[in-house]
1. Explain nothing, just the number: relative contact order of the range 1-136, from Cα pairs under 8 Å at least 6 residues apart, as a whole percent.
2. Please report the antiparallel percentage of the DSSP beta bridges confined to the chain, to the nearest 5.
3. Classify the range 1-73 as rounded, prolate or oblate from the Cα gyration tensor: take a ≥ b ≥ c as the square roots of its eigenvalues, call it rounded if a/c is under 1.5, otherwise prolate when a/b beats b/c and oblate if not.
4. Looking only at 158, 282, 134, which one moves most when the chain is put into a Gaussian network model with springs between Cα atoms under 10 Å?
5. For a test of the definition: using alpha carbon positions, the gyration tensor, and the 1.5 limit on a/c, classify the chain as rounded, prolate or oblate.
6. At a threshold of 8 angstrom on Cα-Cα distance, excluding pairs fewer than six apart, so keeping six or more, what relative contact order does the range 98-220 reach in percent?
7. Go ahead and set up a Gaussian network model of the chain, Cα springs under 10 Å, then flag whichever of 272, 240, 177 fluctuates most.
8. On C-alpha positions alone, give me the angle between the axis of helix 46-59 and the longest principal axis of the chain, in degrees, nearest 10.
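Readers should treat all values here as calculations from the given coordinates under stated rules, not as data from a laboratory. Note that the structure is a prediction, hence the values are computed from the model and not measured. Virtual Cβ from ideal backbone geometry, glycine too; neighbours counted across all protein chains shown.
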Ligand SMILES: [Fe+2]
Ligand SMILES: [Fe+2]
């Protein structure tokens, strides 16, 4: 019989690495096989478990929550060309800030390892002990949180330290000051319009998982452009080798994030396929809870939010550029490099 129940200890286990993951003098999570391929952390049992739960969901007529490239939509500000121009005009702090902010936000993800989550079992009709959902608080979210924020107590860096390591490889030592870190990057729960008639903490948890999925999925936009910048032969010319190395670290983070995206799609696919108890003693299908939430959040993240963010970024970039001795000239070039589909001006 397929194994569908795992202990926390099992879900935290890593495969045996042939060599450890060390960059810029930092011990980082994961490791390498004999051939030098990167292996994600804590995957010894998570991988077969996710496979088994996914197959089981399919056998019950369910599927992973659909997520395709339409979720990557929305104007990017700055565009790739704008980012490159900034680096070439000695205004590289913007890119440096971006990497620093990403690392700081990743660090916050460690909260997944520290929070207590409401138990879905009490909120649904079906038995979830053999589903991924029955393991959220038994190792799955803990493993996810450690992927993001590492294990500082054991001297092992997660994604946060990986971003700082790759930033420092590309830039070397700088005198830049720490940028401000945005408070919240998901859709605020207060904006939520759909109010399913279920136990409120469970509704909040579903909303939280959907927000997290969207953030994880859209992180791909940042991975792709960061890698392109780091691999551009015109940039970081006196540190090409280190910049290439930095791009490889981005690629490893990307592999780890693929696990997060897939696992969140699985949890939400299971939720869609379950029957929830309503507060008035009836039942409601998970689909009726997830789908309205999902359409609200995706519309916000792919349309509304990118325009607002672009507006803010434009102001910030303009003031930074104008502080340069040739600010006017650079700003003209910079404006010409805006993504054409942006019409929010
Ligand atoms: Fe991450
Ligand atoms: Fe992640």
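1. Numbers: 102 pairs, mean separation 28.2, N = 136.
The value is 21 percent.
2. Working: 13 of 14 bridges.
Restricted to the chain, the bridges split so that about 95 percent are antiparallel.
3. Values: a/c = 2.84, a/b = 1.47, b/c = 1.93.
Verdict is oblate for the range 1-73.
4. Among 158, 282, 134, the largest GNM mean-square fluctuation belongs to 282.
5. Values: a/c = 2.46, a/b = 1.43, b/c = 1.72.
In terms of gyration-tensor shape, oblate.
6. Working: 108 pairs, mean separation 38.3, N = 123.
With pairs under 8 Å counted, the relative contact order is 31 percent.
7. The residue with the greatest mean-square fluctuation here is 177.
8. Rounded to the nearest ten degrees, it is 60.
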